[in-house]
Structures are given as C-alpha cells and as structure tokens.
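One structure below.
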Amino acid sequence: MGLIHVIGGGLAGPEAAWQASRAGHRVVLHEMRPLRPTPAHHSGRFGELVCSNSFKSEQSDTAPWLLKEELRRLGSLLIAAAAAARVPGGHALTVDREIFADRITQAIEGEPNIEVRREEVVEIPTGEIVIVATGPLTSDLLATAIVRLTGSERLFFFDSISPIVEADTIDYAVAFRASRYGKSLDGSADYLNCPFNRDQYQRFYEALLTAEPVAGHDFEKTPFFEACLPIEELARRGPDTLRFGPMKPVGLHDPRTGRMPYAVVQLRQENLRADSYNLVGFQNHLKYGEQARILRLIPGLENAEFTRFGQIHRNTYINAPALLAATLNLRSHPNIFFAGQISGVEGYVEAMATGLMAGRNAARLADGKEPLPLPRETALGSLAHYISAADPRHYQPANITFDLLPALAAAAKDKATRRRLQCRRALDALERFCAELEPACAV
C-alpha cells in the first residue's frame with residue numbers, strides 16, 4: 001500500500017485524497033487552515049466555498065451537467081456531498097455551503113486510510129507521490145517552492161466573491177419570486193428578483209462609475225478572469241453591459257406591472273434555512289461602505305443588512321500546458337500531480353474533476369502502473385486535454401464548455417441535437433473506458 005501526499009483541503013484536494021484512499025492507498029492530506037488562514041476562507045473545514053454556492057447547470061445535455069454526470073458515475077465524494085446539501089436554485093445545482101463542507105470534512109476525517117495534518121507545506125517532497133491542490137490562494141512560500149520545482153513563473157488573475165444579504169431585510173413587496181422564463185428543474189420559483197425601471201437603473205449605474213474601490217495592491221496589473229468580472233468593471237464597459245450581463249431582465253415579468261423590468265438583480269438562496277441570499281453575479285472590489293451605499297440603491301434592498309460584502313483576491317495558477325501531461329502530472333517529475341484551480345481550471349466542479357483524475361492517477365502510480373488519461377470524448381478528458389495542450393503563451397483559466405470537447409464527425413442540423421450527441425458520445429466513451437481499463441469505475 002503506497003503513500004500519497006495531497007496538499008490542500010479545498011475542493012480538489014479532498015476529492016483526490018478520497019479517490020486515492022478508496023483505491024487502497026494511505027494518504028496524508030495537508031491543510032494549513034485554520035493554523036494559517038487565507039484572505040477568503042473563514043474556517044478549517046474541507047470543501048469550504050468562498051465564492052458562489054452554485055455548481056452551475058443541472059439541465060441535461062449541457063456541458064456543466066455532463067461534467068457532473070461523469071463525476072457521479074465515477075463515484076465523486078464531493079458531487080455526492082453537493083446532492084445531500086442541495087438548496088433551491090432553478091436549473092443550477094446550488095448548495096448550503098455549511099452542510100456541504102461539514103459532509104466532506106466528516107467523510108475525510110472518518111476515512112481510515114487518510115491522515116490529516118494541519119500544517120503549512122513550504123517544500124514539495126520530490127521523492128514522494130504528491131498531489132498539489134492548494135488552490136488559487138496558495139501561500140507565498142509554497143508558490144515559491146513550485147517556481148523552483150517547475151522553473152516556470154507563477155501566473156495570476158483576479159477573482160472575486162459576491163455579497164450576501166439577510167433575508168428578513170429584503171422588501172418582499174418589491175422583490176418577487178420567479179425563475180427566468182418560468183423554468184426550474186421542479187417548476188418552483190427559485191430566485192428573488194429586484195426589478196429596476198430606467199431611472200432607478202441609471203442612478204445605480206452612475207453610482208457604480210463613481211464608487212471608491214479598495215486601495216490597489218502590488219498585483220493590481222493582474223488581469224481579471226473574464227467570466228467573473230466585478231460589477232464596477234462591467235459598468236466601465238458601457239451603460240448597457242450590466243443589462244446584458246448579470247442584470248439582464250429577459251424571461252422575467254414584474255407582477256406589479258406585468259411587464260419585463262428594465263434591469264433586474266437576482267438573489268439566490270444561500271442555505272437550507274433560507275435566512276440569507278447572495279446577489280448573483282455581483283462580485284466587486286469596492287470599499288465596504290461604498291458597497292452598502294450602492295447596493296441599497298437596488299429596489300427591494302433599501303434597508304438591506306449584509307452578512308458578507310463582495311471581495312476580490314488574487315488567484316494563483318501555473319502555466320500548465322508547458323508543464324503537465326494529460327494525466328495531470330509534471331512531465332519533469334511524473335510523481336508530482338497538480339489539481340484544482342492552481343492547474344488553471346476555473347470553477348468548483350472543474351476543481352473537483354481534476355482532483356478526481358489526479359487522485360486516481362496517483363493511485364495507479366503507487367500501484368506501479370502508468371497513469372491513464374480519460375477518453376478525449378469525455379468532459380473530464382477534454383478538460384485535462386485543455387490543461388495540458390493549450391497554447392502556453394496565451395494560457396487562461398477555463399470552465400468546461402462544449403468548445404473543449406472534440407467536434408462530431410458529422411455535423412448535426414441544430415445545436416440541441418449536437419449537444420445531445422456529444423453528451424451521449426462522452427458517456428458511452430466513459431463506460432467503455434471503465435469496462436476495459438478501469439473495472440473499479442462506478443459506472
């Protein structure tokens with residue numbers, strides 16, 4: 001029974017540790033929290049979510065659904081925890097983050113093959129099998145060790161988190177319940193919607209343009225991740241950018257007027273108690289006092305109290321295409337794997353996915369076998385292919401999309417048919433892979 005070290009207790013690390021331990025190996029899971037906190041975490045629990053509580057769409061034949069479905073079929077610990085912690089979220093898989101983290105922590109601490117060490121790792125033990133899954137907030141000392149090991153400079157981008165409002169401070173005479181186009185997985189109205197007329201939107205927009213940001217940092221020239229832009233950055237791109245982005249009103253009708261609002265802010269339930277809601281897509285880098293002033297310009301939130309304001313933090317990731325194989329281990333040190341956002345994936349489920357792949361391949365290496373890439377047709381295999389084969393000169397973090405999957409041999413007539421065929425092809429390929437090469441797969 002080989003020993004595998006996993007560094008990092010966010011999303012990728014616990015998934016990797018779980019997969020390796022269930023393959024029969026002893027695992028040491030290193031996590032520096034709570035002994036050494038990060039700018040975004042608040043506890044030492046595994047799987048703590050610091051941004052949204054959404055794992056994106058659960059609508060069949062979408063790319064996010066396909067990735068989650070593959071993880072379900074491969075026995076992902078974290079996807080099972082998400083299902084147990086689910087709260088209403090329309091088509092999205094959204095969770096109570098406290099229950100989610102508690103279930104993961106209990107599973108990891110109760111697994112006999114996993115030893116948890118609460119310590120900061122500052123050097124990577126190159127003579128051991130190691131999975132580096134320290135996430136976007138990797139400590140400076142460990143990041144420096146990674147630079148020494150890989151000979152590659154770190155890359156950075158900004159990421160940010162949305163505010164959370166107390167439910168009993170929302171004006172429900174203004175905010176209305178609805179899912180866009182009346183659609184949700186179970187027919188319920190899962191979002192609260194704060195509607196704007198043109199004048200209200202203009203006041204809000206002008207306030208954003210003149211809002212005072214948090215003072216700059218030494219990494220202020222780092223680019224934002226385009227899929228998670230702060231609202232003030234979106235506002236600077238034009239007066240209608242927000243209305244076509246996080247504040248788009250299409251598919252919604254204000255019951256007070258019977259018409260589509262000029263703009264809308266959607267609030268998503270934060271936990272099972274439904275005592276708080278997060279402002280969907282409202283990550284920002286403004287001073288807290290400015291946030292309180294501006295967010296109370298949102299109709300229905302005039303007297304809002306916030307349990308958390310938006311924040312921004314630096315994310316760290318390596319130039320994976322220059323360093324990693326499709327099995328997520330270093331080409332120069334095949335016993336060292338990278339997983340999670342530090343490898344350059346963006347998104348909770350993408351972090352879990354790379355953790356699962358790294359954990360399984362580390363277990364194969366400990367068994368004296370060669371690591372195996374998952375089929376290119378799968379979402380998992382395509383994600384690993386992007387990480388290892390993208391242009392290293394222009395590498396940017398990526399979510400799972402159909403663009404990462406190989407095209408169909410024969411083009412279908414319409415997009416819905418193409419997506420359905422790509423998903424079917426992916427799941428068939430995963431089933432064949434498990435039957436032929438990985439009998440332990442949970443398909």
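The values are calculated or read from the model by the stated rules, or taken from the named source; none is laboratory data. All values reported here derive from a predicted model rather than from experimental measurement. Note that we place each Cβ from the backbone using ideal geometry, even for glycine, and neighbour counts take in every protein chain shown. Areas reflect the complete protein model, heavy atoms only, side chains present, ligands, DNA and RNA absent. Shrake-Rupley method; radii C 1.70, N 1.55, O 1.52, S 1.80 Å.
Quick notes on this structure:
- When you count the other C-beta atoms within 10 angstrom of each residue and take the mean per peptide, 248-256, 58-66, 190-198 line up highest first as 190-198, 58-66, 248-256.
- For the chain, carbon and sulfur atoms together expose 52% of the accessible surface, with a 1.4 angstrom probe and every protein chain in place.
- Annotation: the antiparallel percentage among DSSP beta bridges lying fully within the chain is about 60.
- Förster radius 25 Å - calculated FRET efficiency between E302 and L272 (Cβ-Cβ, nearest 0.05): 0.40
- If R0 is 22 Å, the Cβ-Cβ spacing of A389 and S60 corresponds to a FRET efficiency of close to 0.20.
- Solvent-accessible area per residue, Å², over the chain with all protein chains present [probe radius 1.4 Å]: 41
- Against the chain, whose longest principal axis comes from its Cα atoms, helix 12-22 is set at around 40 degrees.
- Summarising the label geometry, the points placed 7 Å from Cα in the beta-carbon direction at S152 and N113 lie 2.9 nm from one another.
- Shown is the FRET efficiency for R203 and A292, computed with R0 = 22 Å from the Cβ-Cβ distance and rounded to the nearest 0.05: 0.90.
- Cut-off 14 Å between beta-carbons: net charge of the residues surrounding R72, Lys and Arg +1, Asp and Glu -1: -2
- Mean Cβ count within 10 Å, highest first, over the residues of peptides 85-95, 128-138: 128-138, 85-95
- Rounded to the nearest 10 degrees, the angle from helix 63-73 to the longest Cα principal axis of the chain is 40 degrees.
- When each of the peptides 30-36, 346-352 is scored by the mean number of other C-beta atoms lying within 10 Å of its residues, the order from highest to lowest reads 346-352, 30-36.
- From phi via Karplus (6.51, -1.76, 1.60), per-residue ³J(HN,Hα) for the stretch 300-310 in Hz, x at Gly/Pro: x, 10, 4, 10, 5, 10, 10, 7, 7, 8, x
- Links that overshoot a 25 Å alpha carbon limit, given the list K68/K369; K56/K413; K68/K415: K68/K369; K56/K413
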